[in-house]
Amino acid sequence: AGADDVVRNVHIVDTFEQAIGDCSLVIGTSARLRHLQSTLIEPRECAEKASAHQGQVAIVFGRERVGLTNEELLKCHYLNIPANPEYSSLNLAMAVQLVSYEMRMAFLAKDKTESTLSTIENIYPTAQEMEYFFAHTEQVYQSLGFIQNQGVIQKLRRLYNRSSLEKNELNILRGMLSAVEKRLNLQKE
C-alpha cells in the first residue's frame, strides 16, 4: 500500500547477474549458511554498510518457497538475517520488512550526522567487474594447474568478496593475472 512510485520504477531483468551487475555491494538475505558462515552480518550491520557504501547496493531477497540458490549466495559479499537455528525460515514479507526497517533507521541516523571523511565516487568494482575478475582468475589458475575443483574458486570468491576490494586494487590483481598469462605464453613459445 502506498508504494505506487516503487512499482512504477521497477526494472525487470532476466537473470540474477543482470540484477546485480552494476552493484559494488551485494547483500543476500538468507538463514541458510552452510559453508558461508564467515560472511554473516546482522540486519543492523547490513543497513549500516549499505547506507555508508559509495556505489550501487543490492539487497537480495530469495524466492518465497526456496530462498536464494547456493550460486546466488556465493555472489553476495555478505549474508544477513541470522534466525533461530531451530526454525530459521522467515517468509519473504518478514525478511523485507525487517531489512527495510533497519535500512530506514540507518539512513535516518546517517542524515543526523555529517561525515567529515572525504568520499571518492565509484571506488568499488561492480558485481559484473568482479565476475570478469573471477572468470579471469579461474582461467589463469586452471592453466597453472592450481585449481583442481570448484571448491577452490568458491573459497577465493568468498575471500575477495569479504575484502571489499576497491577498483584500483582489483586493477592491480587483474594486472598480476595478465602478467602471469604473458609469462605462460612466453614459456610456451
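Okay, here's what the table says:
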| quantity | calculated |
| --- | --- |
| Net charge, Q128 excluded, C-beta distance under 13 Å - Lys, Arg +1, Asp, Glu -1 | -2 |
| The chain: angle of helix 150-162 to the longest principal axis, Cα-based, in degrees nearest 10 | 60 |
| Accessible-area ranking of D14, D5, D111, largest first, probe 1.4 Å | D14, D111, D5 |
| Positive-end extreme of charge dipole, the chain - chosen from P43, Q54, L74 (charges on Cβ) | L74 |
| Anchor K167: lysines whose Cα lies under 26 Å away (excluding residues fewer than 8 positions away in-chain) | K49, K75, K110, K155, K182 |
| Dipole magnitude (debye, nearest 20) for the chain, charges at Cβ of Lys, Arg, Asp, Glu | 520 |
| Counting DSSP beta bridges with both ends in the chain, the antiparallel % (nearest 5) | 10 |
| Amide proton proximity set for L40, modelled H, under 5 Å, gap of 5+ | L79 |
| Largest to smallest principal axis extent of the C-alpha atoms in the chain, angstrom | 66, 43, 31 |
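The values are calculated or read from the model by the stated rules, or taken from the named source; none is laboratory data. Small disclaimer: the values here were computed from a predicted structure and weren't measured. With ideal geometry, Cβ positions are generated from the backbone for all residues, glycine too; neighbour counts draw on all protein chains shown. Surface accessibility is based on the protein's heavy atoms, side chains included, excluding ligands, DNA and RNA. Shrake-Rupley method; radii C 1.70, N 1.55, O 1.52, S 1.80 Å.
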